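Peer 1: Handing you this structure, nothing more for now.
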Amino acid sequence: MLRNLVLATALLAAPALANATEWTVDPAHSTASFTVKHMMVSTVRGEFGKTTGTASWSKPDYSDAQVDVTIDASTVDTREPKRDAHLRSPDFFDVQKFPTLTFKSKRVEKGKEKGHLTLVGELTIHGVTKEVAFDVTGPSPEMKTPFGTIAVGAEAKAKINRKDFGLNWNKALEAGGVLVSEDVNIDINLELSKKAPLKAEK
């Protein structure tokens, strides 16, 4: 009886799995960036040079979407070599121990605005994992590239407190306040390429 139940469950799940479209992140046309306040007066922007990942969905409302993104922490770039070296050090990302930042989706919710989705998942930074909700614009309509492949685009934004992830370094300012803000704005722009369907064996 248990065997029959397992078989029935697998058969019910099979159509959804079979109909899911799979996508891969195009690293050459995708970016992961962030902004923080410096000395409470200016905004510093940074970007990671390598973003990879996968996505899949079968429903037109994307409610069953699964998204996995990996960011190479060692590729952080704020246009200031000394600052970048500090960000890679144990004071911040500690890339020797924690070489990547990752996001793994758990569920998709209706967005607050038309054309938006809320993508909820586990964000891991500095070895610490927290649930974070990203506001997603897209995915865009499918476009055929000059190379014959199919691509879509999406943008995901979120705000986190870096201390929640163990990024605690800071310096107090004589006039009050701190050198680096705790709040960090994250902006991920992805171009996704549709995977070619597997050909059935003859």
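The values are calculated or read from the model by the stated rules, or taken from the named source; none is laboratory data. Quantities reported herein were computed from a predicted structural model and do not represent experimental measurements. Don't worry about glycine lacking a Cβ; one is built from the backbone with ideal geometry, like all the others, and counts go over all protein chains shown. Surface areas here come from the heavy atoms of the whole protein model, side chains and all, with no ligands, DNA or RNA. Shrake-Rupley method; radii C 1.70, N 1.55, O 1.52, S 1.80 Å.
Peer 1: Filter region 23-56 down to the residues that are free of Cβ contacts under 8 Å to residues at least 24 places away in the same chain and not hydrophobic (A, V, I, L, M, F, W, C), then identify the one that is nearest to Arg88 (Cα to Cα).
Peer 2: Thr43
Peer 1: Quick check, is Lys59 exposed (fewer than 12 other Cβ atoms within 10 Å of the Cβ), without any contact (Cβ under 8 Å) to a residue 12 or more places away in the chain and under 24 Å from Asp26 (Cβ atoms)? Let's see the steps before the verdict.
Peer 2: On the way: exposed (fewer than 12 other Cβ atoms within 10 Å of the Cβ): no; without any contact (Cβ under 8 Å) to a residue 12 or more places away in the chain: yes; under 24 Å from Asp26 (Cβ atoms): yes.
Taking the combined requirement at face value, the residue does not satisfy it.
Peer 1: Considering region 1-33 alone, what residues qualify as being at pLDDT 95 or above and open to solvent by less than 50 Å² (accessible area, probe 1.4 Å)?
Peer 2: The answer is Trp23, Thr24, Val25, Asp26, Ser30, Thr31, Ala32, Ser33.
Peer 1: Now a separate question. Any residue in region 81-95 that is assigned to a strand (DSSP E or B) and either surrounded by 15 or more Cβ atoms within 10 Å (Cβ to Cβ) or among the basic types (Lys, Arg) (or both)?
Peer 2: Residues of region 81-95 assigned to a strand (DSSP E or B): none.
No, region 81-95 contains no residue that is assigned to a strand (DSSP E or B) and either surrounded by 15 or more Cβ atoms within 10 Å (Cβ to Cβ) or among the basic types (Lys, Arg) (or both).
Peer 1: Can you report the number of residues in region 96-109 which are open to solvent by 50 Å² or more (accessible area, probe 1.4 Å) and part of a strand (DSSP E or B)?
Peer 2: Our first condition is that a residue be open to solvent by 50 Å² or more (accessible area, probe 1.4 Å); within region 96-109, this holds for 96-100, 104, 106-107, 109.
With the extra rule that they be part of a strand (DSSP E or B), the set shrinks to 100, 104, 106-107, 109.
So the count comes out to 5.
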